[in-house]
1. Local charge sum around Arg41 (other residues, Cβ-Cβ under 13 Å, Lys/Arg +1, Asp/Glu -1)?
2. Please work out how many pairs of lysine residues in the chain are eight or more positions apart (or on different chains) and have Cα atoms closer than 24 angstrom.
3. Would you kindly give the portion of the calculated P(r) for the range 1-102 that falls above 20 Å, as a percent of all Cα pairs?
4. Using Cβ contacts closer than 10 Å as the measure, can you line up Val42, Val82 from fewest to most?
5. What's the exposure ranking of Leu71, Leu56, Leu21, going from fewest to most Cβ atoms within 10 Å?
6. Sorted by mean Cβ packing within 10 Å, highest first, what order do the peptides 123-133, 171-181 take?
Amino acid sequence: MANIEPRRERLRALLLEKAYLTGDFILSSGKHSNHYFDCRRVTLDPEGLALASELLIEKMRRDGLAAIGGLAIGADPLVAGVVATSWRLDYPIQGFIVRKEQKRHGTGRKIEGPPAAGTRVAIIDDVVTSGGSIIQAAESCLAEGLKPEAAYALVDREEGGAGEISRACGLGLKPLFKYSQLFA
C-alpha cells in the first residue's frame with residue numbers, strides 16, 4: 001500500500017475530533033477518568049472505519065496474520081471493517097467475535113466465526129486502559145485452540161494495559177496510537 005502517513009494523520013484527526021471527550025467518566029475497568037475515547041464514533045463512521053481497517057491490515061500483513069477478532073462490542077466494527085477491506089486489498093483476513101459469556105442457546109458458542117484450531121490470530125480492541133478485554137479474548141481463543149500472536153488497538157490510554165496484556169498472555173500491544181501520540 002502507498003504511504004500510510006497521510007491516512008494515519010487523518011485517523012488521528014478523526015479520533016481527536018469525534019472520539020475524544022472530556023468530563024467525568026467511569027471506564028469499563030471501573031476507574032474514574034476526566035477523559036474518554038468513544039471510538040465507536042470513529043469506527044462506525046465510513047471514513048474512520050476505512051482508515052482504521054487499512055492501517056490494521058498493514059500491521060497484520062507485516063505480522064503475517066490471517067485472522068482477527070476481539071471481545072464484543074468494542075471490537076465488532078473493527079473486525080468487520082478489516083474483513084471487508086482486506087478482500088479489496090488482496091490480503092483476505094478472516095474475522096471472529098468473542099462473546100463476553102458463552103451463548104446459552106443455538107450453537108452455544110463463545111467465539112462466532114472461529115478460524116481453524118492452530119490458526120495464528122490478532123486480538124483487537126478499540127481502546128486499551130487495563131487490557132482486560134484483550135486478555136479475556138486471548139484466553140477464550142487459547143481455550144478454542146487458536147494462537148493469539150498480536151494485540152492491536154486504536155488507542156492505548158497508556159494506563160498500564162499494555163503491561164497487563166504482556167504479563168497475562170505474553171502479547172505485545174501494538175496500538176495505532178498511544179495517548180501521548182494523539183496530542184504530540
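1. Residues near Arg41 contribute -3 overall.
2. Eligible lysine pairs with Cα atoms under 24 Å apart amount to 16.
3. That tail contains 45 percent of the Cα-Cα pairs.
4. Listed from fewest to most nearby Cβ atoms, that is Val42, Val82.
5. Ascending number of Cβ neighbours within 10 Å: Leu21, Leu71, Leu56.
6. Order by mean packing, descending: 123-133, 171-181.
Readers should treat all values here as calculations from the given coordinates under stated rules, not as data from a laboratory. Quantities reported herein were computed from a predicted structural model and do not represent experimental measurements. Note that we place each Cβ from the backbone using ideal geometry, even for glycine, and neighbour counts take in every protein chain shown.
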